[in-house]
Structure formats: C-alpha cells, structure tokens
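The values are calculated or read from the model by the stated rules, or taken from the named source; none is laboratory data. Quantities reported herein were computed from a predicted structural model and do not represent experimental measurements. Glycine also receives a Cβ, built like all others from the backbone with ideal geometry; neighbour counts cover every protein chain displayed.
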Amino acid sequence: MTVKTSTARYDGTGLQFTVRTGSGHEIVLDDSGGNAGPRPVEMLLVGQVGCTGMDVLSILQKKRQIVTRYEVSVTADQRDDQPAIFTRADVVHLFEGPAVDEAAVRRAIELSATKYCSVAAMLSAGTVEIHHRYRIVGPDGTAPIEGEVLVTGPHADPDAMGRPQQPGSALTGRAG
C-alpha cells in the first residue's frame, strides 16, 4: 500500500491555507472572501481532469494518434444543502488533429474511466454520476464528431474497475 500525504498550514489571513503535498508542491487554498486560490472542493475537479487527461493522452500516444490540441474539462452539479457534495459531473475531452481515430478516443476514455483514473473511481464510488464524453475536430473544418462513451457512478464498486460489468451496473451505467 502506498501512503500519500498533504499538510495545510493556516496563513493567518481569512481562511487561506498553504497546502504542501507529499511530492513537495505548494498550493494556496482559500474561500470566496479572500479568493487567493482555489476552493478545496474545486481541487477535486482539478484532480479529475488532470488524472483522466494524463491517462487518455498517454493511451492515445501509445496508439500513435497525432493530437495537435487536447483539452479536458469538467462541469459538476453541486447541491446547495450542506454538505455541498457533487451529484453529477460531465467530463468532456476535446481533440484536434489531422486524423484522430474515434474508436481510439472512445477506448482511451473508457480505459481511463473504468481502469486507470483513481480520481474518477473515488468520485464514482461516492455520490457522483460521471458522464464521459468527447468531441473530435478535424483540421479541415468538417463537422465535429461527438459522443458519450459511458456513465460511471454513483456508488460504483472501485474494486470492479477493469473487469467486465453486468449491464446496468453502477460502474458502467449506460454506454453511448
């Protein structure tokens, strides 16, 4: 088992903290009043897009896909009542390239969502229903190709990641 650490030090102003990660990086966190850094809950979304983005790009590079632009974004619904948890998230991968293969994109996103991305697994195991989508734009201005690969969560079994699922299970939900 690997142990990860983070330490938050109060900076003496409002609700501002400097967090030092186990890998030695510092991040300033704050609330909306001080606004000197992201809110702690926003960091969950940062983790989601960073984790899946690294997975998907790595897989596409191994498949020798030429991607000239790649962005991954997440939009999440957060309930107003406390605790203000996320209930749904839409993760959208945007690709540009001379001949990005749709099947390779779909498979890379599927592998990230169901096998490799620890952040997606943790969010899906909790309260979040995550919709994994893509958009591919070619260089010649043709209509973009769009689709939804699958839905994970809520209450997915993280130990089932990477194993074939029964239709309608919490891990895969609906495939697109």
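Might you check whether a residue that is buried (at least 18 other Cβ atoms within 10 Å of the Cβ), outside any helix (DSSP H, G or I) and in contact (Cβ under 8 Å) with a residue 40 or more places away in the chain occurs anywhere in the range 45-52?
no
Pull up the range 1-38, narrow it to residues that are surrounded by 14 or more Cβ atoms within 10 Å (Cβ to Cβ) and closer than 17 Å to V119 by Cβ, then point me to the one that is farthest from the chain's Cα centre (by Cα).
Here the residue is V19.
Within the group R9, R106, R69, R88, which residue is in contact with a strand residue (DSSP E or B) (Cβ under 8 Å, 6 or more places away or on another chain), in contact (Cβ under 8 Å) with a residue 12 or more places away in the chain, farther than 22 Å from A120 by Cα and of a type in the set (K, R)?
The match here is R69.
Could you tell me whether any residue of the range 126-137 is at pLDDT 95 or above, among the hydrophobic types (A, V, I, L, M, F, W, C), within 25 Å of K4 (Cβ to Cβ) and touching a Pro at 6+ places or on another chain (Cβ under 7 Å)?
Checked against the condition, which is being at pLDDT 95 or above, among the hydrophobic types (A, V, I, L, M, F, W, C), within 25 Å of K4 (Cβ to Cβ) and touching a Pro at 6+ places or on another chain (Cβ under 7 Å), the range 126-137 yields at least one hit.
Of the conditions (1) closer than 30 Å to R135 by Cα; (2) not assigned by TED's automatic domain parsing to the domain that holds T114, G12 fails just one. Which one is it?
So the condition that G12 fails would be (1).
Just checking, which of V92, V100, V74, V67 is buried (at least 18 other Cβ atoms within 10 Å of the Cβ) and over 28 Å from G14 (Cβ atoms)? Write out each step before concluding.
Working: V92 fails: buried (at least 18 other Cβ atoms within 10 Å of the Cβ); V74 fails: over 28 Å from G14 (Cβ atoms); V67 fails: buried (at least 18 other Cβ atoms within 10 Å of the Cβ).
From the options V92, V100, V74, V67, the qualifying one is V100.
Those residues that are under 10 Å from the mean Cα position of the chain (by Cα) and either charged (D, E, K, R) or modelled with pLDDT under 95 (or both), I need them from the range 56-98; list them, please.
Listed by number, the list holds a single entry, D90.
Determine whether D31 is over 30 Å from D101 (Cβ atoms), touching a residue at least 12 places away in the same chain (Cβ under 8 Å), not aliphatic (A, V, I, L, M) and not in a loop (DSSP other than H, G, I, E, B).
Answer is no for this residue.
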